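> Here's a structure for you.
The values are calculated or read from the model by the stated rules, or taken from the named source; none is laboratory data. Since the structure is predicted, the reported quantities are computational estimates derived from the model, not experimental observations. Heads up, the Cβs are rebuilt from the backbone with ideal geometry, glycines too, and the neighbour counts pull from every protein chain shown.
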Amino acid sequence: MYEDDHNDDDDTPQSDRALDPATRAADKSNEFRIHAEIAAVFEGPRKFDAQLRADLDDDLARDLQRRIARLEKSKSAESPILPPDSLPDAQAILTLPDTNPALTTNDYHLRRRPGELIVLRWLIADQVDTFYTRIQAHFDAALEGVREDERQAHAWKQDAKTQAYLDALDAIKLDMADRYLRNSIKKHDLYVLSTVTADEMDILHLADYVMGCPAADLVGPASAPPQDAPTDRDRAWFFKLFALRGNPQGAECMCFFTYLQKTEDTFDLG
């Protein structure tokens, strides 16, 4: 369901990968990492009194959309680090709340159209610290849960591959701040853009469970799934999250640009 731009260089067929204990554990870790990122980005209304603000000007939204698309195209497929010639765009995006007071940090700034949604969220200073604390907590909780579930379900088996898989789960340790290159960004003044994509995001899961708000408040009443017996098609949205990080003017900043579109519609970011 999810993809991101930190791909493992592994051409092993999926059927063979599924049988490899270390790879099975690594795939679980990758799944939890992505879910932790989405939870930490979008839990603001439920956890931190963040507001949904349908205040993104159309011209500003289109300009930011073009800038994000340029940033994505400018970096290599092997690394999320942006090249030097992309830094003016990255810096301008990260510092936009400084020049536009209406773009409050922590909140979610929305531009809605029928079947389409753009969400912008900026974090600065202590808000960035909180984000890293929360993303680590989400990852650790998910990993500990699957360790317990898998041991209860499979520990009685005596075959070597099962035991190796359980041991590999126990051995997983992932520092989400390191994964996000936080220290490298600070030390080397880097600007980084990573992405997460889902061809079919359940909009009710994102709104109701992760954000703690009705889907109509997020995507608008006209685009929200019907309240009575919504189908999978009603709930499925294309989802792409861009996470931009850097230290413009010596201040740690993050900007999350999210594009969502109902899956029956045609997608075109740029």
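> What are the pairs with Cβ atoms under 6 angstrom where one residue, in region 184-196, is of a type in the set (Phe, Trp, Tyr) and the other, located anywhere, is in a loop (DSSP other than H, G, I, E, B) and at pLDDT 95 or above? Sequence gap at least six, or different chains.
Short answer, once both residue conditions are applied: Tyr191/Leu82.
> Modelled with pLDDT of 95 or more, farther than 27 Å from Ile172 by Cβ, under 21 Å from the mean Cα position of the chain (by Cα) and among the β-branched types (Val, Ile, Thr): does that describe Ile81?
Taking the combined requirement at face value, the residue does not satisfy it.
> Might you let me know whether region 246-269 holds any residue that is part of a helix (DSSP H, G or I), more than 23 Å from Leu64 (Cβ to Cβ) and among the charged types (D, E, K, R)?
No, every residue in region 246-269 fails to be part of a helix (DSSP H, G or I), more than 23 Å from Leu64 (Cβ to Cβ) and among the charged types (D, E, K, R).
> Being at pLDDT 90 or above, of a type outside the set (Ser, Thr, Tyr), surrounded by 19 or more Cβ atoms within 10 Å (Cβ to Cβ) and in a helix (DSSP H, G or I) narrows it down to one residue among Ile118, Ile93; which is it?
Details: Ile118 fails: in a helix (DSSP H, G or I).
Answer to the check: Ile93.
> Please enumerate the residues belonging to region 130-189 that are touching a Phe, Trp or Tyr at 6+ places or on another chain (Cβ under 7 Å), over 30 Å from Ala251 (Cα atoms) and surrounded by fewer than 17 Cβ atoms within 10 Å (Cβ to Cβ).
Result: no residue meets the conditions.
> With the requirement that a residue be part of a helix (DSSP H, G or I) and either at pLDDT below 80 or within 15 Å of Asp27 (Cα to Cα) (or both), what does region 146-155 give you?
First pass over region 146-155, keeping only residues part of a helix (DSSP H, G or I): 146-154.
Once the filter is applied, which keeps residues that are part of a helix (DSSP H, G or I) and either at pLDDT below 80 or within 15 Å of Asp27 (Cα to Cα) (or both), region 146-155 yields Val146, Arg147, Glu150, His154.
> Moving to a separate point now. Being touching a helix residue (DSSP H, G or I) at 6+ places or on another chain (Cβ under 7 Å) and surrounded by fewer than 18 Cβ atoms within 10 Å (Cβ to Cβ) narrows it down to one residue among Gly250, Gly246, Gly212; which is it? Quick ask: steps written out before the conclusion?
Details: Gly250 fails: touching a helix residue (DSSP H, G or I) at 6+ places or on another chain (Cβ under 7 Å); Gly246 fails: surrounded by fewer than 18 Cβ atoms within 10 Å (Cβ to Cβ).
Gly212 is the lone residue from the list that is touching a helix residue (DSSP H, G or I) at 6+ places or on another chain (Cβ under 7 Å) and surrounded by fewer than 18 Cβ atoms within 10 Å (Cβ to Cβ).
> Counting only residues that are of a type in the set (Asp, Glu) and either surrounded by 15 or more Cβ atoms within 10 Å (Cβ to Cβ) or under 15 Å from Thr258 (Cβ atoms) (or both), how many does region 40-54 have? Can you show your working first?
Keep residues of region 40-54 that are of a type in the set (Asp, Glu), which gives 43, 49.
Narrowing further to those that are either surrounded by 15 or more Cβ atoms within 10 Å (Cβ to Cβ) or under 15 Å from Thr258 (Cβ atoms) (or both): 43.
Qualifying residue count, region 40-54: 1.
> Which residue, of Leu103, Leu110, is at pLDDT 95 or above and either touching a helix residue (DSSP H, G or I) at 6+ places or on another chain (Cβ under 7 Å) or surrounded by fewer than 17 Cβ atoms within 10 Å (Cβ to Cβ) (or both)? Break it down into steps so the answer makes sense when it comes.
On the way: Leu110 fails: either touching a helix residue (DSSP H, G or I) at 6+ places or on another chain (Cβ under 7 Å) or surrounded by fewer than 17 Cβ atoms within 10 Å (Cβ to Cβ) (or both).
Only one candidate passes the filter, namely Leu103.
> What tally of residues in region 118-136 results from selecting those that are over 16 Å from Arg179 (Cα atoms) and of a type outside the set (S, T, N, Q)?
9
> Kindly indicate whether any position in region 220-238 is within 16 Å of the chain's Cα centre (by Cα) and crowded, with 19+ Cβ neighbours inside 10 Å.
yes
> From the residues in region 58-85 that are in contact (Cβ under 8 Å) with a residue 40 or more places away in the chain and assigned to a loop (DSSP other than H, G, I, E, B), which one is surrounded by the fewest Cβ atoms within 10 Å (Cβ to Cβ)?
Once the filter is applied, the top-ranked residue is Ala77.
> I want to confirm something. Restricting to region 190-209 and keeping residues that are of a type in the set (Asp, Glu), in contact with a helix residue (DSSP H, G or I) (Cβ under 9 Å, 6 or more places away or on another chain) and part of a strand (DSSP E or B), which single residue is surrounded by the fewest Cβ atoms within 10 Å (Cβ to Cβ)?
The extreme case among them is Glu200.
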